[in-house]
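The values are calculated or read from the model by the stated rules, or taken from the named source; none is laboratory data. What you are looking at is a predicted structure, and each value in this text was computed from that prediction instead of being measured. Neighbour counts are summed over all protein chains in view; Cβ atoms, including those assigned to glycine, are modelled from backbone coordinates with ideal geometry.
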Amino acid sequence: MSPRIPPVFRRYWEVAPKDLDRAGFVSIEVRRALFSLGVEPEVVKRAGIVCFEGEMNLVLYSEGGRIVLVVSPDRVELLFSDRGPGIADVDLVRQPGYSTAPDWARELGFGSGLGIPNMEQNSDELKIHSRVGEGTVMRATILRRKYDGR
Amino acid sequence: MTVGELVRELGLEVLVAGDLEADVHGGYCADLLSEVLAHAAKGDIWITHQKHLNVVAVAKLKEIGAVVLVRGLRPPQEVTDRARAEGVTILVSPTSAFETAGRIHRALFP
Ligand SMILES: Nc1ncnc2c1ncn2[C@@H]1O[C@H](COP(=O)(O)OP(=O)(O)O)[C@@H](O)[C@H]1O
Ligand SMILES: [Mg+2]
């Protein structure tokens, strides 16, 4: 692989567990930051979706964590790391429709089990590392290639 | 057709006016947020029963033309405040999701 171009922009946000009222607004700030950096609209759109789904998972399922945004000339990366509880079967949570969302979250329109599939669909690579009792790290990479999207 | 023209034609209530001059080409009906994130298109009218804060974020991220709450559902004020701050249009339709979607479809594709 060719050497990585050094990052030009890096920012992080703490995400509190169960705080649904604030949830979603890291995603909006990420969107704003990407637009102001001149990132291509198609990439901003994909990053927004990835960030929202990752952010919601931190809020709904984790004991808190952080989101790191790294923007390089060739890619946008989003890192979601949390303090637990971890995921026992990473292949299972990647499956469309798998969800452990409680009823109160389902009533609010969460829990379709399509969050991680949406993250995969909108990134070029989604890596998930998890250890039960420790926590989960997800890294989404979105390449800034010329994109002739809709 | 613009959002404003649709509002006038159907007599919808405007709770928050974002860009009423935005062009509308279609719509999407869903209460599941991930469905909207996956399948709604830019400028779509989003017909839903959801009326909490995360709706504003999804609408903003997807560049939704207007959120239409059905059956006269009204969001709490923090939602309209946030929608105003983000420039997200929120409309209210008195009828069911089925009827609202039907009327919007007829207006867009006469
Ligand atoms: N950060 C996380 N920590 C622990 N479990 C998680 C985390 N993110 C996702 N999960 C698990 O993966 C499942 C699937 O997630 P997702 O695809 O986003 O669908 P949904 O959020 O609708 O359930 C969740 O229901 C939850 O059980
Ligand atoms: Mg999810």
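Summary of values
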| item | result |
| --- | --- |
| Condition met for B:Asp19 (away from chain A (no Cβ under 14 Å) and not in a strand (DSSP E or B)) | yes |
| Among (1) among the aromatic types (Phe, Trp, Tyr); (2) in contact with a Leu (Cβ under 8 Å, 6 or more places away or on another chain); (3) farther than 21 Å from B:Lys62 by Cβ, the one test that A:Phe80 misses | (3) |
| Members of the range A:24-55 found to be under 13 Å from A:Phe80 (Cβ atoms) and either out of contact with any Phe, Trp or Tyr (no Cβ under 9 Å at 6 or more places or on another chain) or within 11 Å of chain B (Cβ to nearest Cβ) (or both), listed by number | A:Val26, A:Ser27, A:Val30, A:Ala47, A:Val50, A:Cys51, A:Phe52, A:Glu53, A:Glu55 |
| The range A:113-138: number of residues that are of a type in the set (Val, Ile, Thr) and within 8 Å of ligand 1 (Cβ to nearest atom) | 2 |
| Among the candidates B:Val56, B:Val14, B:Val70, residue that is within 12 Å of another protein chain (Cβ to nearest Cβ) and within 12 Å of the chain's Cα centre (by Cα) | B:Val56 |
| Every residue from the range A:82-106 that is within 16 Å of ligand 2 (Cβ to nearest atom) and closer than 16 Å to A:Tyr12 by Cα | A:Asp82 |
| Filtered residues of the range A:91-137 (kept if within 11 Å of chain B (Cβ to nearest Cβ) and part of a loop (DSSP other than H, G, I, E, B)) | A:Pro96, A:Gly97, A:Ser99, A:Ala101, A:Leu108, A:Gly109, A:Phe110, A:Gly111, A:Ser112, A:Gly113, A:Leu114, A:Asn122 |
| Filtered residue count, the range B:22-54, keeping only those that are within 16 Å of ligand 2 (Cβ to nearest atom) and either in a loop (DSSP other than H, G, I, E, B) or over 20 Å from B:Phe98 (Cα atoms) (or both) | 9 |
| Of all residues in the range A:48-77 being in a strand (DSSP E or B) and away from ligand 1 (no atom under 13 Å from the Cβ), the one that is surrounded by the fewest Cβ atoms within 10 Å (Cβ to Cβ) | A:Val68 |
| Hey, A:Val43 part of a helix (DSSP H, G or I), over 12 Å from the mean Cα position of the chain (by Cα) and touching a residue at least 60 places away in the same chain (Cβ under 8 Å) or not | yes |
| The range B:86-105 residues that are within 14 Å of chain A (Cβ to nearest Cβ) and under 18 Å from B:Asn54 (Cβ atoms), paired with ones that are of a type in the set (Val, Ile, Thr) and part of a strand (DSSP E or B) (beta carbon under 8 Å, 6 or more apart) | B:Val88/B:Val16; B:Val88/B:Val67 |
| Counted residues, the range B:32-53 - those being over 22 Å from B:Met1 (Cα atoms), charged (D, E, K, R) and more than 8 Å from every other protein chain (Cβ to nearest Cβ) | 1 |
| A:Ala88 vs. criteria over 30 Å from B:Thr48 (Cα atoms) and outside any helix (DSSP H, G or I) | yes |
| Residue within the range B:85-105 that is of a type in the set (Ser, Thr, Tyr) and under 21 Å from A:Ile28 (Cα atoms) present | yes |
| Scan of the range B:67-110 for residues that are in a helix (DSSP H, G or I) and crowded, with 19+ Cβ neighbours inside 10 Å, ordered by number | B:Val79, B:Arg82, B:Ala83, B:Thr100, B:Ala101, B:Ile104 |
| Hey, A:Gly84 on the phi > 0 side of the Ramachandran plot, modelled with pLDDT under 95 and near ligand 1 (Cβ under 10 Å from one of its atoms) or not | yes |
